[in-house]
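Chemist: What follows is a structure written as structure tokens; I'll ask about it next.
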Amino acid sequence: MKLKRCPCGKFPKELHTAQGSTAKWGYACGDCCNNWNIEFRTVNYDFSSKESYEKAVGYWNEAPRSIT
């Protein structure tokens, strides 16, 4: 899946993810700057699954951002 531009101005090649406080939440940031991150719901997928990563990409792409 293609990732939208990060607010730092670069297009990340992949997201780095970390599990949140529970298995239903995670955090993701681009591999470009690691300064901007989003929180996402893994729903009922295992955190390390392909489906969970796809959820992270979807939330990344949908997140409002201001690029200067």
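Here, each number is a calculation from the coordinates, and none is a lab measurement. Remember, it's a predicted structure, so these values are computed and weren't measured experimentally. Positions of Cβ are generated from backbone atoms using ideal geometry, with glycine treated the same way; all protein chains shown enter the neighbour counts.
Chemist: Could you tell me which residue of the range 1-31 is surrounded by the most Cβ atoms within 10 Å (Cβ to Cβ), considering only residues that are under 14 Å from Ser52 (Cα atoms) and of a type in the set (S, T, N, Q)?
Modeler: Thr17
Chemist: Oh, and also: Need at least 2 residues that are among the small types (Gly, Ala, Ser) per element, so show me which strands (runs of 3 or more DSSP E) inside the range 2-41 make the cut, counting only ones lying wholly within it.
Modeler: Numbers: elements: 15-19, 25-30, 37-41.
Hits in the range 2-41: 25-30.
Chemist: Search the range 42-68 for residues being among the aliphatic types (A, V, I, L, M) and either in a loop (DSSP other than H, G, I, E, B) or without any contact (Cβ under 8 Å) to a residue 40 or more places away in the chain (or both), and hand back the single one that is surrounded by the most Cβ atoms within 10 Å (Cβ to Cβ).
Modeler: Our first condition is that a residue be among the aliphatic types (A, V, I, L, M); within the range 42-68, this holds for 43, 56-57, 63, 67.
Checking which are either in a loop (DSSP other than H, G, I, E, B) or without any contact (Cβ under 8 Å) to a residue 40 or more places away in the chain (or both) leaves us with 43, 63, 67.
Values: Val43: 9, Ala63: 15, Ile67: 9.
Across the range 42-68, the extreme among qualifying residues is Ala63.
Chemist: Could you list all residues from the range 1-47 that are of a type in the set (Gly, Ala, Ser), within 15 Å of Ala63 (Cβ to Cβ) and in contact with a Ser or Thr (Cβ under 8 Å, 6 or more places away or on another chain)? Can you show your working first?
Modeler: Restricting attention to the range 1-47, the residues satisfying the condition of being of a type in the set (Gly, Ala, Ser) are 9, 18, 20-21, 23, 26, 28, 30.
When the remaining residues are screened for being within 15 Å of Ala63 (Cβ to Cβ), the result is 26, 28, 30.
Gly26, Ala28, listed by residue number.
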